[in-house]
1. Given the Cα-Cα distance of residue 95 and residue 48 and 0.36 nm per residue of separation, how much length would full extension add, in nm?
2. Specify whether the C-alpha gyration tensor of the stretch 53-130 places it in the rounded, prolate or oblate class, a ≥ b ≥ c being the square roots of the eigenvalues: rounded for a/c under 1.5, otherwise prolate if a/b is larger than b/c and oblate if not.
3. Starting from 0.36 nm per residue, how many nanometres of slack lie between residue 199 and residue 23 once their C-alpha separation is accounted for?
4. What FRET efficiency comes out for the pair residue 176/residue 12, r = Cβ-Cβ distance, R0 = 35 Å, nearest 0.05?
5. Given a cut-off of under 8 Å on Cα pairs at least six residues apart, what relative contact order in percent is computed for the stretch 41-98?
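What follows is calculated from the coordinates using simple rules that are stated; it is not laboratory data. Just so it is clear, the model here is predicted, and its values are computed rather than measured. When we count neighbours, we look across all protein chains shown, and the Cβ atoms used for this are built from the backbone with ideal geometry, even at glycine.
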């Protein structure tokens, strides 16, 4: 019988529990990608194309807690958010290059920043988790204050926005939120995974904490 090389935080779950959770979460994002803002066969295919490897990587991650598996899960999951944001941007601004170039550039930069600028990455991470500057503390305070009403606000926009002729506004809100989530999660995953990369020992660099 195969043995786990490392222990995933959810290693105590049974196989059917982890598969059910993965199907529910990634399947939900696939449905959202396919149907928002309107149903698209192409978007459904893209969603399935992202969900299947993401599910396999999630199970692989649960079993082995392998660095490559954790990276794959993070990449495919953030790409789902990016896909949802892209569909919203396309609906709000039909000229693709206006939003595609900056959003894609920011997403790629988020993945590369810990390797390119470790000091800047550490500063940004600290300001997001334990802010020491006035701006960082204010940002965290605002985010915590808005968190309880964010869900209600988002649902209200989705239910009543188009009814009052604010479809473009709804799409812009969804596009902005999806972009921020995908870029933010990409940076968080990259920052935590980069010190744990398998070849870092050869470079003589200290190992970071696992996700």
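1. In short, 14.4 nm is gained.
2. Values: a/c = 2.57, a/b = 1.22, b/c = 2.10.
Oblate, because a/c is 1.5 or more while a/b does not exceed b/c.
3. Working: separation 176, 0.36 × 176 = 63.36 nm, distance 3.21 nm.
Stretched fully, the residue 199-residue 23 segment lengthens by 60.1 nm.
4. Efficiency for this residue pair is about 0.40.
5. 31 percent
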